Amino acid sequence: MSSYTLIDGKQTAEALLVEIEKKIINLKKQNITPGLAVVLVGNDKASETYVRSKVAMSERLGIKSIHKELSVEISEDELLSEIESLNADDSVHGILVQLPLPAHIDTEKVLNAIDYQKDVDGFHTLNAGALSKGLESTIPCTPLGSIILLKRYLGDLSGKNAVVIGRSNIVGKPVGQLLLKNNCTVTYAHSRTKDLPAVCRQADIIIAAIGKPEFVGSDFVKEGAVIIDVGINAVQKEDSDGNSKRRLVGDVDFNAVCDKCSAITPVPGGVGPMTIACLMYNCLYCASMIHNVDFEMSDDLRA
Ligand code: NAD
């Protein structure tokens, strides 16, 4: 009999969204309507899907949504001036530029052109720097959601050994900084790490953010470890009738590790729903900061 806990991202995301919605109603009583601008360049299908769900969630929560669809041929200067006009627009509190951008555009330059106070993705260098110094800042959505989930299920993280697999600016690095802020002993593992399974077997907590389907197997996992699987990979898999179907899997081989760990996030239904909820969280955070309104979430919904 397996006895692991399934860490439910949908349920926690819903709890977060309910609290955010209440806070938005309160802001509106003070004549503040949070506004989120989502900028999509080109017509990448996956990006279009992500943008649609972000816009729909904003609308559900009563956030004013501004959706800009720009041609794949837009020049860098034209894109920068679109961002300038959103920076200057007082009805916009959050600006998100959907990544990836076309190759002719300097992504770093564009992200740093966003007013750091409206940086709902937390990718601006000032916010990344603030996070690494342990200062108040917007926190990238996926790391924020991962740590809220982890703390909700595990409570105090002090003294835990955490291994983060992946060192991207979007997930790996910020998630490690949040673990450090929560007094974990943090190891960053990556593509050049030697004997990765042995490194991971030291971990009380494994955060997998690699981008390789079902990469983390049973030999990576210490008995009783907690696993947060950030990966989202579309693969063709056979169902029980032998039909090949497109499915989403994580970076962790769920069936191989679940009996060894004490808790694990599923894919889908784990970190994914938290990411979009945390985008709403960040939009509320930015609107509150810009208007000097207190921002405090419940204890079990904080990173
Ligand atoms: P990335 O490609 O930028 O970074 C991947 C990291 O994995 C790198 O730091 C690399 O060093 C490491 N890596 C690659 N191969 C490795 C190996 N063999 N051994 C050890 N480390 C290795 O990816 P990312 O943007 O950080 O995303 C990581 C995963 O998270 C992807 O599956 C992505 O789809 C997913 N993701 C999910 C969400 C969500 O909402 N759930 C959001 C963002 C990203």
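The values are calculated or read from the model by the stated rules, or taken from the named source; none is laboratory data. Predicted model, so just to flag it, every value in this text is computed and none were measured. Please note: Cβ atoms are built from the backbone with ideal geometry, for glycine as well, and neighbour counts cover all protein chains shown. Note: areas computed on protein heavy atoms with side chains; ligands, DNA, RNA excluded. Shrake-Rupley method; radii C 1.70, N 1.55, O 1.52, S 1.80 Å.
Couple of notes before you dig in:
- Note on the range 98-210: no enclosed strands (runs of 3 or more DSSP E) hold 2 or more residues that are polar (S, T, N, Q) and within 16 Å of the ligand (Cβ to nearest atom).
- Candidates Ala46, Ala88, Ala128, filtered to the one that is of a type outside the set (D, E, K, R) and at pLDDT below 95: Ala46
- Scanning the range 4-48 for residues that are free of Cβ contacts under 8 Å to residues at least 40 places away in the same chain and not acidic (Asp, Glu) gives Gln11, Val18, Lys22, Ile25, Asn26, Lys28, Lys29, Asn31, Asn43, Lys45, Ala46.
- Residue ID - surrounded by the fewest Cβ atoms within 10 Å (Cβ to Cβ), chosen from residues in the range 1-57 that are small (Gly, Ala, Ser), within 21 Å of Val271 (Cβ to Cβ) and in contact with a helix residue (DSSP H, G or I) (Cβ under 7 Å, 6 or more places away or on another chain): Ser53
- Matching residues in the range 251-263 - criterion: being touching a residue at least 24 places away in the same chain (Cβ under 8 Å) and either within 14 Å of the ligand (Cβ to nearest atom) or in a helix (DSSP H, G or I) (or both): Asp251, Val252, Asp253, Phe254, Ala256, Val257
- Failed item in (1) in contact (Cβ under 8 Å) with a residue 24 or more places away in the chain; (2) under 24 Å from Ala128 (Cα atoms); (3) open to solvent by less than 20 Å² (accessible area, probe 1.4 Å), with Leu111 passing the rest: (1)
- Filtered by the rule that a residue be within 28 Å of Ile227 (Cβ to Cβ) and touching a Leu at 6+ places or on another chain (Cβ under 9 Å), the range 108-131 gives Val120, Asp121, Gly122, Phe123, Leu131.
- Gly269 being out of contact with any helix residue (DSSP H, G or I) (no Cβ under 8 Å at 6 or more places or on another chain), open to solvent by less than 40 Å² (accessible area, probe 1.4 Å), modelled with pLDDT of 95 or more and not in a helix (DSSP H, G or I): no
- Candidate set: the range 152-165, residues that are more than 14 Å from Ala303 (Cβ to Cβ) and touching an Asp or Glu at 6+ places or on another chain (Cβ under 8 Å); chosen: the one surrounded by the most Cβ atoms within 10 Å (Cβ to Cβ): Ile165
- Residue satisfying all of: in the range 276-303; open to solvent by 40 Å² or more (accessible area, probe 1.4 Å) and modelled with pLDDT of 95 or more; farthest from the ligand (Cβ to nearest atom) among these: Asn292
- Test: residue in the range 214-235 that is more than 10 Å from the ligand (Cβ to nearest atom), touching a Leu at 6+ places or on another chain (Cβ under 6 Å) and open to solvent by 20 Å² or more (accessible area, probe 1.4 Å): no
- Qualifying residue in the range 36-54 (condition: closer than 15 Å to Ser288 by Cβ and in contact with a Gly (Cβ under 9 Å, 6 or more places away or on another chain)): yes
- Every residue from the range 236-250 that is among the small types (Gly, Ala, Ser), away from the ligand (no atom under 14 Å from the Cβ) and either closer than 30 Å to Lys222 by Cβ or open to solvent by 50 Å² or more (accessible area, probe 1.4 Å) (or both): Ser240, Ser244
- The range 157-179 residues that are on the phi > 0 side of the Ramachandran plot, paired with ones that are within 15 Å of the ligand (Cβ to nearest atom) and outside any loop (DSSP other than H, G, I, E, B) (beta carbon under 7 Å, 6 or more apart): Gly166/Gly172
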